[in-house]
Amino acid sequence: MQPDCELMIGEVAALTGLPSKTIRYYEESGIIESARRNDNRYRTYSQADVQTLRFVAHARSLGFSLKDVGELLSLYRDRKRASKDVRRLALAHLADLDRRIADLQAMRNTIADLAQRCHGDDRPECPIIEELEGAPNRRKR
């Protein structure tokens, strides 16, 4: 592919693995710059745009928020960036992932405990239902 060629949104979608709708959303939300328009008003993209969208897609696949992706893109474009700023973002995201994993593990343990205590027979008594009907703060962790 030539570096200065103009690509249509469908081609960019195929090259990045992102749906066209997502690419338009990233434009509308300001994550990426608005695409140039050709004479018939279709969006056109450069190879640099494709690379940026691949960067965004990869960051999103790792769970970074749109806000964090915006910061990462700014750092990506700044060749005088300090790697400590990139690392700070990554470590904050890692801490958030660890919190979410702990929450999911606690939920999993609660459900596993309830499922184990449920007889799973024809009787109406069920600790799962009893737990769900109780106060949300009663959850065992």
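Bear in mind that the values in this text are calculations on the coordinates, not laboratory data. Computed from a predicted model, the values in this text were never measured in an experiment. Glycine also receives a Cβ, built like all others from the backbone with ideal geometry; neighbour counts cover every protein chain displayed.
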When the convex hull of its Cα atoms is projected in every direction, mean area for the chain (nm²): 14.0
Mean residue ellipticity (222 nm) of the chain, computed from DSSP H runs ≥ 4 via -39,500 (n - 2.57), nearest 500: -20000 deg cm²/dmol
Leading residue at positive end of dipole, the stretch 7-141 (Cβ point charges), from PHE64, MET107, ILE31: ILE31
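Given R₀ = 25 Å, FRET efficiency for ILE101-ILE129 by Cβ-Cβ distance, to 0.05?
0.35
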Order of VAL69, VAL50 under a 10 Å beta carbon neighbour criterion, fewest first: VAL50, VAL69
Binned Cα-Cα distance frequencies in the stretch 85-138 - 10 Å width, integer %: 21, 33, 20, 15, 9, 2
Cα gyration tensor shape of the stretch 7-80, rounded if a/c is under 1.5, else prolate or oblate by comparing a/b with b/c: prolate
Mean separation of Cα contacts under 8 Å, 6 or more apart, over the residue count of the chain: relative contact order %: 16
